[in-house]
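Report on the structure given below.
The values are calculated or read from the model by the stated rules, or taken from the named source; none is laboratory data. This one's a predicted model, so the numbers in the text were calculated from it and none came from an experiment. In this analysis, Cβ positions are derived from the backbone assuming ideal geometry, glycine residues included, and neighbour counts consider all displayed protein chains. Accessible surface is based on the protein model in full, side chains and every heavy atom, while ligands, DNA and RNA are left aside. Shrake-Rupley method; radii C 1.70, N 1.55, O 1.52, S 1.80 Å.
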Amino acid sequence: MTGIIHSVNATSPPPASVIDPTLLTTAVDDMEIAHADAGRMFPDFIDLGAGLISGLTLVPVRDFSFAAPLSAIDHLEVHEHEGRLTFQATKTITANDPHMEAHFPDFTIFPGVFILEGLRQGVISALGEFEGLLPEIHSVRALHFSAPLLPGDQMILDAIIEPASTENSFEVVACCRRNDGAIAARLKVEFGYGRTGVA
Amino acid sequence: MGGPALLNYSQISLILPHGRAMMLVDRVESIEPGVSIVGIKAITGTELCYKDVPNHSALDRCAYPVSLLLESFGQTATLLWLRSNDLGCEDVSRVLMFVSARDLKIEGCAFPGDVLKHCARLEKSLHDTVFVSGETWVGDRRIAAIGSMIAVVRPRSLVLDNASSRARQMHIGSPDEVFSLV
């Protein structure tokens with residue numbers, strides 16, 4: 001045996017055995033929390049990568065409490081490949097949101113600008129804060145919508161975060177698909193930390 | 001504040017198909033059909049987009065979302081199109097759908113208490129495609145420059161026919177005909 005055995009009351013001398021009941025209690029509690037979390041009715045990830053999860057970082061959709069019309073993504077997976085960060089954000093389109101009910105009252109369709117909002121929330125959740133500032137949209141270089149997202153559809157947003165082009169600027173290129181494979185939108189957006197024009 | 005209303009909130013609500021939470025133009029100050037429009041949107045802290053922002057949050061967390069800013073500008077441009085005779089003034093059998101945009105620069109922020117002033121210009125219209133550009137101001141600060149926003153006119157029946165598969169198959173714009181992207 002190599003390594004260290006942590007135990008409650010082992011009699012073997014250290015360093016092979018370390019008596020640490022507090023650490024063991026914490027480990028058991030963490031295991032129980034993980035077990036309960038994995039058994040939730042709506043887990044964050046299902047059949048992730050068909051079991052091939054090497055090199056994958058799972059990022060919960062984080063709540064940074066900023067103004068937003070709605071929660072535009074449900075789940076997020078972040079990958080790093082050859083020095084570039086990529087993510088896939090997904091959302092099931094539902095009609096039971098005040099903004100959706102109003103767009104439109106006689107026919108609900110996911111507003112195209114909410115795909116841009118989803119990209120923003122995905123970038124914020126993937127990168128997080130830097131010196132108290134969030135990554136924000138500085139310019140939209142190109143944006144094209146090609147198919148509608150309706151209630152019941154799943155939005156799948158794949159994005160590549162390019163390396164920073166300036167001291168506080170980086171480009172994100174994204175493709176938004178429906179779960180039936182149709183391309184709903186393509187986007188090329190410049191982000192930077194902090195809001196332009198805010199002291 | 002601002003000039004007299006050419007279209008007030010009640011009149012706009014009769015023109016735009018949006019419900020209250022997504023009707024993002026409060027007043028129209030001027031329209032020159034086929035040329036330009038000035039639309040007004042007042043931001044308040046009671047709007048739905050602020051409901052999850054805690055008290056004592058930093059100011060930058062209270063900035064009006066860019067997504068709603070663009071939607072508000074787009075609705076102003078829609079009002080211009082609807083009032084432009086050359087494009088089928090108030091033709092309720094057709095709707096204008098936002099399909100693409102280029103070169104949108106966000107130069108500043110708007111916060112609760114600010115009033116957005118959207119100045120939209122109709123650049124050109126080709127068949128069923130409309131090209132708009134413009135700017136958004138808060139007082140004397142320009143906070144957004146819209147290089148190009150493109151919309152297409154589609155039969156309303158096609159858009160509203162949710163029950164049929166036509167809406168799901170609807171092709172609302174060709175990437176190749178508008179521009180090549182990414």
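The table that follows gives values for the structure above.
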{"item": "Residue, farthest from B:G74 (Cα to Cα), within the range B:39-49, restricted to residues that are within 12 Å of chain A (Cβ to nearest Cβ) and open to solvent by less than 20 Å² (accessible area, probe 1.4 Å)", "result": "B:C49"}
{"item": "Residues that are at pLDDT below 95 and facing chain B (nearest Cβ under 9 Å), drawn from the range A:183-197", "result": "A:G194, A:R195, A:T196, A:G197"}
{"item": "Strands (runs of 3 or more DSSP E) (entirely within the range B:57-176) containing at least 2 residues that are open to solvent by 40 Å² or more (accessible area, probe 1.4 Å), at the interface with chain A (Cβ under 10 Å from one of its Cβ atoms) and at pLDDT 90 or above", "result": "B:94-106, B:141-155"}
